[in-house]
Amino acid sequence: MPDPLQPVLGGDAPFDAAEFEIESRAELDVHLAKHNLAGLAVLGLRLDREPPDLSGVDVHGSLFVGCEFASAEVEIDLIRRGAHVVPPFDDLPYPTHPALLYTPEDLASGFAEGGFAGMYDTVVFDHFVAHGGAVPHLREALAQRLHDAGIDNALGKALSAWAATHGHEGAVGIMGGHAEPRGSAAYRMVADLTRKLAGAGRLVVTGGGPGVMEAANLGAYFASRTGAELAAAIDTLAGAPHFTDHDPYTAAALAVREAYPVAETDLAGRLQHGGLALPTWLYGHEPANLFAGQIGKYFSNAVREDSILRLSRGGIVFAPGWAGTVQEIFQAATKTFYRTDGPSGAFVFLGTGHWSKLPVADLLGPLLARSPHGDQSGLIVVTDSLDEALAALHG
């Protein structure tokens, strides 16, 4: 039976610009024709399928990570000839070194047969919990870190593809409450905003979960469609408003994707139609939303959070949210205060009523005014107006 995650595992990945990394069989064959893999890294390939002849190839200093070989003898021979081999770990439901970011189809694989409990995303989360959760034992910790290193690498390739097509204008991060129900005013407002941002060629970045995060990826998914089509899709989703009702919630998302398919496109096109999502299995009880164009799902929440904020240099929208959102506000403020990742775009707080009850902007202003790089308090915008939010983010 074909492996539904074979693209993630590297079987069909195209050539990329990583000079020292080999992540597809076609790319490997080019180097085999030269009989030279010395110093190169071969990542996540199924070399047990139509096994290549490696016997006459220079492998001194080469690194094989997460590759499957036809036999132990092949591995031993590589090591004897100077290669370093980090084999895939046995009995893992996830790849040791993913070559590509995930897609919604990858994470939802298994839903048709086994419902939410049978999805790849859920199976990996259950494994994560059963093996120590945030404090795994050494073997599991190594496997998770190898996986996340692969996601880091794949994320870099995806962003390079985006920049080659759309340039280097800063991505826009969308933060907000995970519990926001589908169909709410805040949900619709965020989706409207990101449809317009994505339609204007801006990369939308979210934490990949439900609530406001799903609304943001959903809006980007509809980048080439009308506001009326987006509203109709939200009406469909609102029939299963809460992510805790796992099976109907997931089924509704898949139904919307089927009713409003995105045309086959390249990597940059997939990122425009859905944006980028960076969720984590630490919060795996919150299902990853299924509207992002590309999904970098991590085990490490710390790496994932830092990545979202590091990428969102074109501005951040803070929709109504509570503790998690407030934490992200001040993580972002620290980066802006010190310019650790360069100049920052606007801090747009959507929903004046919410942010007057939770007055973090009042604290943020004096803080950013004292930045060693000059007064940054003018970046703060608190509004109920989509037009004002868009103007701040395009400014």
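Values computed for the structure shown
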item: Extension reserve of the VAL123-SER377 stretch, reckoned as 0.36 nm per residue once the Cα distance is removed; result: 87.0 nm
item: Accessible-area composition of the chain, carbon plus sulfur, in percent [1.4 Å probe]; result: 57
item: Where ILE308, ILE380 fall by accessible area, highest first, once all protein chains stay in place (1.4 Å); result: ILE380, ILE308
item: Heavy-atom accessible area per residue - the chain, 1.4 Å, Å²; result: 41
item: Per-pair calculated FRET efficiency, R0 = 51 Å: THR244 and GLU19 via Cβ, rounded to 0.05; result: 0.65
item: Residues with amide H under 5 Å from that of ILE380, placed H, sequence gap 5 or more; result: PHE347
item: Region 83-216: C-alpha gyration tensor shape, a/c 1.5 cut-off, then a/b vs b/c; result: oblate
item: Cα convex hull volume per residue for region 148-189 (Å³); result: 124
item: Considering only the chain, percent of DSSP beta bridges that pair antiparallel, nearest 5; result: 5
item: Cβ-derived FRET efficiency at R0 45 Å, ASP90 paired with LEU363, nearest 0.05; result: 0.35
item: Counted charge near ALA292, where neighbours are those whose Cβ lies closer than 15 Å (Asp, Glu -1; Lys, Arg +1); result: +1
item: Charge tally in the Cβ shell below 15 Å around GLU305, where Lys, Arg are +1 and Asp, Glu are -1, GLU305 excluded; result: -2
item: Relative compactness, the chain, computed as alpha-carbon Rg over 2.2 N^0.38 Å; result: 1.03
item: Net lengthening on full extension, ASP29/LEU142 (0.36 nm per residue, minus Cα-Cα); result: 37.7 nm
item: Two-site FRET efficiency, THR352 against ALA72, from Cβ-Cβ distance with R₀ of 45 Å, rounded to 0.05; result: 0.10
item: The chain: DSSP helices with Cα axial extent of at least 24 Å and average Kyte-Doolittle hydropathy no lower than -1.0; result: 138-166
item: Ratio Rg/Rh, restricted to region 46-134 and using Cα atoms, in which Rh is the Kirkwood radius; result: 1.09
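The values are calculated or read from the model by the stated rules, or taken from the named source; none is laboratory data. Every value quoted in this text rests on a predicted model; they were computed, and no experiment measured them. Please note: Cβ atoms are built from the backbone with ideal geometry, for glycine as well, and neighbour counts cover all protein chains shown. Side chains included, ligands, DNA and RNA excluded: accessible areas come from the protein's heavy atoms. Shrake-Rupley method; radii C 1.70, N 1.55, O 1.52, S 1.80 Å.
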